[in-house]
């Protein structure tokens with residue numbers, strides 16, 4: 001199997017070389033041309049993460065990257081975390097068969113309970129936060145999305161606290177799915193392989209009249225186990241079933257209503273053995289007064305349940321979130337945005353003697369309000385955006401997160417931007433309520449304060465020629481009150497020897513470069529390079545040296561290159577190659593790996609074969625388990 005996959009890769013590279021340098025005398029048909037957006041269309045795509053309003057990607061005063069539906073499909077990704085690898089400003093590493101360590105600008109913490117303690121990245125699906133108050137991060141194993149339903153993924157590296165609040169410290173991700181109007185008809189796909197055991201999804205969309213559109217879907221994913229470092233079964237296989245719906249109703253030009261929901265059920269192998277399930281519903285109403293003025297109100301309810309069967313440790317969280325915002329123009333030069341949010345999260349833990357959350361039941365409250373003024377200092381040339389968010393959480397009280405951004409459009413194809421921002425990471429239940437004799441005697445701290453960052457950013461975005469775009473971002477972050485593990489002897493509330501505290505500070509800096517180029521009508525490449533450096537230092541003699549390791553295991557250099565090519569005869573050949581530098585803690589050596597996809601698409605049918613981790617028989621990315629080289633075949637029908 002390994003020789004076959006390598007031979008496929010070599011043959012594909014030979015085809016690329018032949019096609020790239022061959023004479024293009026024959027007429028290129030519409031089927032031969034890439035379906036992806038042109039560079040001009042990509043630079044003009046509307047994004048919402050930076051300003052909470054639609055704006056051109058080229059004008060955004062932030063380090064933002066957009067992963068399109070075509071990028072995802074042509075990568076051969078089968079899960080959402082695999083799709084996030086396509087953002088070069090993210091640090092994405094697979095921990096085992098079903099768990100991932102994902103962050104922006106560092107702080108991918110060491111694994112705990114089969115999940116990384118990465119806690120400074122805010123992630124949303126259609127505006128619904130998938131953050132867990134248990135450890136202030138994301139359980140990536142239960143974030144199932146039909147990948148064909150994704151319209152785009154917006155990824156901002158850098159603080160977004162002025163608009164999005166706590167946990168938007170080092171970055172913000174919003175997965176934006178297609179409207180029901182864009183998913184009409186039947187979609188069905190099935191896949192099977194060596195690591196991806198089998199996968200199937202079906203979706204059907206229809207409408208009632210000209211104003212009400214809907215879709216329903218169901219999908220199933222079964223995955224084999226990853227490997228131990230030197231071979232053998234890690235026994236972390238997983239099974240996940242999910243279904244859901246979306247309805248979009250637009251009775252008039254001024255009003256739009258969206259109602260959607262999902263439910264999932266699954267099981268996972270591993271040291272603990274995990275059963276998971278969850279349900280969510282979201283409703284959003286938008287009233288548009290004019291191009292420059294609208295009101296949006298959103299409400300969602302999200303329930304998650306996780307049962308570690310071997311230890312009988314269970315956690316259930318039900319979140320109620322209400323958000324409202326109003327956008328309007330004030331005169332000719334001011335665009336104002338203001339709003340508020342109320343969130344209640346009821347967390348209930350069934351404790352075990354070695355791992356307790358005290359109290360086992362707690363209702364976490366979050367109240368916030370924000371205001372932002374976008375000022376056209378020089379119309380269509382220089383924009384200054386000033387804003388702040390006031391947020392009150394259960395643990396640390398009132399937090400203030402201001403931001404100032406400037407975007408200077410030098411020409412239609414060049415933008416310089418800069419920003420100064422302050423953001424906080426609110427305490428989680430781990431930080432404040434943990435009592436864990438089974439983790440070496442570690443306790444939370446009821447006085448744990450919010451972690452804080454002040455970030456300085458400078459960026460440049462340019463389209464030097466029609467078919468090439470380049471974006472460069474530099475940053476320096478200064479952190480205070482970072483989490484530490486302190487020696488406290490018997491003085492902690494739980495009488496355990498170690499306790500979380502806020503006795504670290506640090507700095508990080510780096511460069512993020514991304515590019516997109518249409519080399520020929522049939523060949524597009526995209527990718528990027530990231531350089532990252534971080535230094536942490538204790539502010540107390542009680543801090544354990546391991547504290548710096550717990551707060552981040554991050555590569556210094558990363559490189560991503562995605563090649564998307566259409567060949568004659570409706571054939572496609574696509575390659576994603578990644579270089580990741582060595583990890584300093586929980587050591588993983590530097591590595592290069594590639595994924596390749598060979599596909600055939602014509603009318604309603606698509607067939608593809610995908611090979612992953614082609615360079616080695618197995619590859620460690622984060623932790624002791626290794627991800628094996630694998631292959632799977634996939635068939636898709638769209639009618």
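The values are calculated or read from the model by the stated rules, or taken from the named source; none is laboratory data. Just so it is clear, the model here is predicted, and its values are computed rather than measured. Note: ideal-geometry Cβ built from the backbone for every residue, glycine included; neighbour counts use all protein chains shown.
General remarks:
- If only residues of the range 564-592 that are assigned to a loop (DSSP other than H, G, I, E, B) and free of Cβ contacts under 8 Å to residues at least 40 places away in the same chain are counted, the one that is surrounded by the most Cβ atoms within 10 Å (Cβ to Cβ) is 581.
- Any hit, the range 593-606, residues being assigned to a loop (DSSP other than H, G, I, E, B) and in contact with a helix residue (DSSP H, G or I) (Cβ under 8 Å, 6 or more places away or on another chain): no
- Pick from the range 214-259, criterion under 23 Å from the mean Cα position of the chain (by Cα) and over 25 Å from residue 198 (Cα atoms), ranking: surrounded by the fewest Cβ atoms within 10 Å (Cβ to Cβ): 259
- Inclusion of residue 460 among residues that are surrounded by fewer than 18 Cβ atoms within 10 Å (Cβ to Cβ) and under 26 Å from the mean Cα position of the chain (by Cα) is warranted.
- Strands (runs of 3 or more DSSP E) wholly inside the range 61-166 that include at least 1 residues being without any contact (Cβ under 8 Å) to a residue 40 or more places away in the chain and more than 25 Å from residue 279 (Cα to Cα): 91-94
- Note on the range 519-532: residues that are surrounded by fewer than 22 Cβ atoms within 10 Å (Cβ to Cβ), part of a strand (DSSP E or B) and more than 20 Å from the chain's Cα centre (by Cα) amount to 4.
- Members of the range 332-373 that are part of a loop (DSSP other than H, G, I, E, B), over 26 Å from residue 402 (Cβ atoms) and out of contact with any helix residue (DSSP H, G or I) (no Cβ under 8 Å at 6 or more places or on another chain): 351, 360
- One residue stands out among those in the range 552-585 that are closer than 30 Å to residue 443 by Cβ and under 19 Å from the mean Cα position of the chain (by Cα): the one that is modelled with the highest pLDDT, which is 554.
- Pair list, Cβ < 6 Å and 6+ apart or interchain, from the range 593-616 residues that are closer than 16 Å to residue 192 by Cβ to residues that are exposed (fewer than 15 other Cβ atoms within 10 Å of the Cβ) and modelled with pLDDT of 95 or more: 607/600; 607/635; 609/633
- Total residues in the range 394-445, condition part of a strand (DSSP E or B) and either under 25 Å from residue 373 (Cα atoms) or free of Cβ contacts under 8 Å to residues at least 60 places away in the same chain (or both): 29
- Check on residue 513, touching a residue at least 40 places away in the same chain (Cβ under 8 Å), over 30 Å from residue 442 (Cβ atoms) and assigned to a strand (DSSP E or B): yes
Here's the yes/no breakdown for (1) in contact with a strand residue (DSSP E or B) (Cβ under 9 Å, 6 or more places away or on another chain); (2) more than 20 Å from residue 158 (Cβ to Cβ); (3) loosely packed, with under 14 Cβ neighbours inside 10 Å; (4) at pLDDT below 95:
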| residue | (1), (2), (3), (4) |
| --- | --- |
| 334 | yes, yes, yes, no |
| 342 | yes, yes, no, no |
| 365 | yes, yes, yes, no |
| 372 | yes, no, no, no |
| 386 | yes, no, no, no |
| 390 | yes, yes, no, no |
| 399 | yes, no, no, no |
| 412 | yes, yes, yes, yes |
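- Number of the exception - residue 307 against (1) modelled with pLDDT under 95; (2) under 24 Å from residue 367 (Cα atoms): (2)
- Positions within the range 261-274 being in contact with a strand residue (DSSP E or B) (Cβ under 7 Å, 6 or more places away or on another chain) and surrounded by fewer than 15 Cβ atoms within 10 Å (Cβ to Cβ), in sequence order: none
- Only one of 481, 433, 447 that is more than 22 Å from residue 62 (Cα to Cα) and under 26 Å from the mean Cα position of the chain (by Cα): 481
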